[in-house]
Each structure stands twice: as structure tokens, then as C-alpha cells.
Amino acid sequence: MYNIQTLNKISTIGTDIFDKSKYAVADAPENPDAIMVRSAKMHDMQFGSNLLAIARAGAGVNNIPVDRCAEEGICVFNTPGANANAVKELAICALLLASRKITEAAAWAASLKGTPDAPKTVESGKSKFAGPELLGKTLGIIGLGAIGGKIANAALALGMKVIGYDPYLSINAAIHLDSAVKVVSDINDIYKESDYITIHMPYTPATKNTIDQPQIDMMKDGVRLINLARGELINSEAVVKSIADGKVAKYVTDFADDIVLGVENVIVLPHLGASTPESEDNCAVMAAKELIDYIENGNIQNSVNLPNASMQAVGTKICVIHKNVPAVIAAMTSVVSNDGLNIENMVNASKKDYAYTMIDVTGGFKDTVADDIKAIDGVIRVRVIK
């Protein structure tokens, strides 16, 4: 029986996927074999030696100690694309909020309750809330992955011109991108050419303040900025200053901080990007499936700290997490050979400092094989799946 711990409320559509004869799902089990999490902070958590994997029901993993998990042989998954449609729809809403002064107009109209002749007042005062149309304007998108690509295609359907930047654009993402999207190789082209800019990339130390004062200075006067990805990607202080200077017309963000809250021409949303029942269901289902495939088959799909790898086995499958250094694979195959086993198939993949090797063996398997492989310098974790 495998124990699955849920650190947040996870949609039961996802947790119900676990076979109850094999898995026990609870919020506080002893010695969990896997963890499902949404936003709970895990950096101060200590993990048991039997913890195999953590699945984030969402895309961002900044609440998880990803590097420490790799060092301890814990595979960390996320669910890219599961909430893409929800964020896309909010981004289209943000484009309109950034243009038409909708929130200000609604607040003003609500303030007229109880006043004499409100309909006439509304008609005479509505000119204060005029704003530009999206049609014919240029939208710049930083990041053309599952979310950015959907936004690009939707913006084209609204009659916008779309330019995008993504140095890591995958083949799959490119296939689903409308041919009318202009993909640029220099991110500065986004800053210089766009009337609206939306950012959709992961937050890392390298991407912190991707949009800062120097980038804003390159932009058109009256540019409108949208950040539904991570608050740290855009420097709040630079944006507020640029709004005061008249450089930035509007900023819509899904991330509240004390710098942007209450500032005129800043619309702050309470992290609503993936807050739809459909998105939460999709993320939970994908996370559960990732954990089941890894626990039962050793296959990795959508890991953020280990490489993707999968294999169909005819015999016993030996799954090894190890450092991405020379001679480890040779040492593993030597151990297998010396123990009289035949290698039917082998898959090896690497991701930065770490690698994952799956060996399908037949013959008289001995439990000591795993111990012998674990003793190899650079090997972090060994699992045997029969």
C-alpha cells in the first residue's frame, strides 16, 4: 500500500484515480510515498527516506525545494498546460481591463446608488472612462508555451497583431501556434513594438525582474502591461514609477504586493489565474496520473528536476537516479552483467546535473543487485519494479 499525502485541498476527481487497493490518500499519513500539493510551502519540510515523488497540481514549483529533492532522489512533477485555458481566458479579460477602465467605471456607477437621477448622471459621466479598442493593436507575448500560445491565437482572433518571444520554444508549442504570430529572436523587439505586453514564463533567479526600468524605457509611451505568471518577473517599483511618469498607461497583475496595491491605473487580482473548477480538476488528474505512472512503472513525464523517460519492460525494471557524470552507466551495466542478468533494453536521459537510467533485465534477479548499484559513486536512488 502506497501512502499519498495531500498538502492542500486537491480535487477529488484527481484523487479518485488512485486504486484504493494500492493507495491510501490522506492529508497527514505517516511516511508518505508521494505528495500532492498546490500552494503549500514545502521549503522547511523534512522528507522521509521513502518519499518517491512530489506532484504540484499546477505549473509553478517555487513553493517546492526542487534542487534538494533532486539531491535526495525525489522526483518533482508539475502539470504544464492543465490550467492553460483558465489563464488564457483571464489574460483576455486582463487585456480588456487594461484598455476600457472597466473596474473604475463599475466602481463609479456603484457609488451612484441612492443619488437622484442616476441614469442621467451615468450618461453625462461615462466619457471619463473611455479607453482604446484591441483591434489593430500589437500584443507582445514573452513566453509561447502552453499558456502563451493559447493567448497568441486568441488575440489574433480579436484582431490584434501578435509578436512573441521564447528562446525555448518547443516543437509541439510551435505546431499549435498560428502562423500569423511573428516570433522574434530578440526580446527587445517585444518591448519596442508592443502596445500591450503579457509575460508567461517560469520564475527563476535568472528571470527575476525580466521587465525592469531599462526594459520599460524601451517601450512605447502608454504601453499596457499584464503579469499573470509570477509577481517577481516584473519590478513593481519600476512599474509604479513609470505609471506616475505617464510611460505605462495600465498594469494588470495577478499578484498583490504592498507596492502596487491601491495605486491608480494598477489593477490587482487575487491570483485568479487557475481558479476555475475545470482547471483544478485538470491539474489534479494530471498530477495523479504522473504519480501513478512513476510509482508503478518508473516512467517520468513532466518532471522539473529529473529528465523525462519511459520504457516498456519485458522483465525486471531497475530505475536509477544518479548524477550526470561519466562512468556511472558503465558501472551499472557491469554490476548487472556480473550478476548474470541480461539487459533487454535500457533508457538513459539527463537534465542538467542529474540523470535517470532505466534498465530492463531478465534472468535470475537477486535483491543484492540494487544494493550493488546503489554503492556506485554518483548513484542517488535505486528502485526495482518487477
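Observations, loosely collected:
- Residue in the range 340-349 that is touching a strand residue (DSSP E or B) at 6+ places or on another chain (Cβ under 6 Å), in contact (Cβ under 8 Å) with a residue 40 or more places away in the chain and in a strand (DSSP E or B) present: yes
- Scanning the range 99-131 for residues that are in contact with a helix residue (DSSP H, G or I) (Cβ under 8 Å, 6 or more places away or on another chain), in a helix (DSSP H, G or I) and of a type in the set (Val, Ile, Thr) yields Ile102, Thr103, Val122.
- Residue list for the range 250-273, restricted to those being assigned to a loop (DSSP other than H, G, I, E, B), out of contact with any Gly (no Cβ under 6 Å at 6 or more places or on another chain), closer than 16 Å to Ile147 by Cβ and of a type in the set (A, V, I, L, M, F, W, C): Leu269, Leu272
- Residue in the range 191-208 that is surrounded by fewer than 16 Cβ atoms within 10 Å (Cβ to Cβ) and in a helix (DSSP H, G or I) present: yes
- Candidates in the range 106-127 are the residues that are touching a residue at least 12 places away in the same chain (Cβ under 8 Å) and open to solvent by 30 Å² or more (accessible area, probe 1.4 Å); of these, the one that is farthest from Glu264 (Cα to Cα) is Val122.
- Out of Ala313, Ala330, one residue alone is open to solvent by 10 Å² or more (accessible area, probe 1.4 Å), in contact (Cβ under 8 Å) with a residue 60 or more places away in the chain and over 24 Å from Asp67 (Cα atoms). It is Ala313.
- Entry remark, the range 210-225: residues being surrounded by fewer than 18 Cβ atoms within 10 Å (Cβ to Cβ) and in contact with a helix residue (DSSP H, G or I) (Cβ under 7 Å, 6 or more places away or on another chain) number 3 in total.
Residue by residue, here is whether (1) over 24 Å from the mean Cα position of the chain (by Cα); (2) modelled with pLDDT under 95 holds:
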position	(1), (2)
Leu306	no, no
Thr316	yes, no
His322	yes, no
Ile329	yes, no
Asp339	yes, yes
Ala349	no, no
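- Candidate set from the range 269-304 (those that are of a type in the set (D, E, K, R) and under 18 Å from Gly81 (Cβ atoms)); member that is surrounded by the most Cβ atoms within 10 Å (Cβ to Cβ): Glu290
- If you filter the range 164-184 down to residues that are hydroxyl-bearing (Ser, Thr, Tyr) and open to solvent by 70 Å² or more (accessible area, probe 1.4 Å), you find that the one that is farthest from Ala84 (Cα to Cα) is Ser179.
- The range 346-361, subset among the polar types (S, T, N, Q) and within 20 Å of Gly315 (Cα to Cα), residue surrounded by the most Cβ atoms within 10 Å (Cβ to Cβ): Thr357
- Cross-chain or 6+ apart pairs with Cβ under 7 Å, the range 351-369 first and farther than 20 Å from Ile380 by Cβ, then open to solvent by 40 Å² or more (accessible area, probe 1.4 Å) and assigned to a loop (DSSP other than H, G, I, E, B): Asp360/Ala313; Asp360/Val314; Thr362/Val314; Gly363/Gly340; Gly364/Gly340
- The listed residue being under 29 Å from Val320 (Cβ atoms) and in contact with a strand residue (DSSP E or B) (Cβ under 6 Å, 6 or more places away or on another chain), out of Ala94, Ala55: Ala55
- Among residues of the range 262-280 that are in contact (Cβ under 8 Å) with a residue 24 or more places away in the chain, those with a Cβ under 8 angstrom from a residue that is acidic (Asp, Glu) and in a loop (DSSP other than H, G, I, E, B), sequence gap 6+ or separate chain, pair up as Leu269/Asp254; Leu272/Asp254; Gly273/Asp254.
- Filtering the range 226-249 to residues that are in a loop (DSSP other than H, G, I, E, B), open to solvent by 20 Å² or more (accessible area, probe 1.4 Å) and within 23 Å of Ser275 (Cα to Cα) leaves only Arg230.
- Verdict on Ala173 being out of contact with any strand residue (DSSP E or B) (no Cβ under 9 Å at 6 or more places or on another chain), part of a helix (DSSP H, G or I) and of a type in the set (A, V, I, L, M, F, W, C): yes
The values are calculated or read from the model by the stated rules, or taken from the named source; none is laboratory data. The structure displayed is predicted, hence computed values, not measured ones. With ideal geometry, Cβ positions are generated from the backbone for all residues, glycine too; neighbour counts draw on all protein chains shown. Surface accessibility is based on the protein's heavy atoms, side chains included, excluding ligands, DNA and RNA. Shrake-Rupley method; radii C 1.70, N 1.55, O 1.52, S 1.80 Å.
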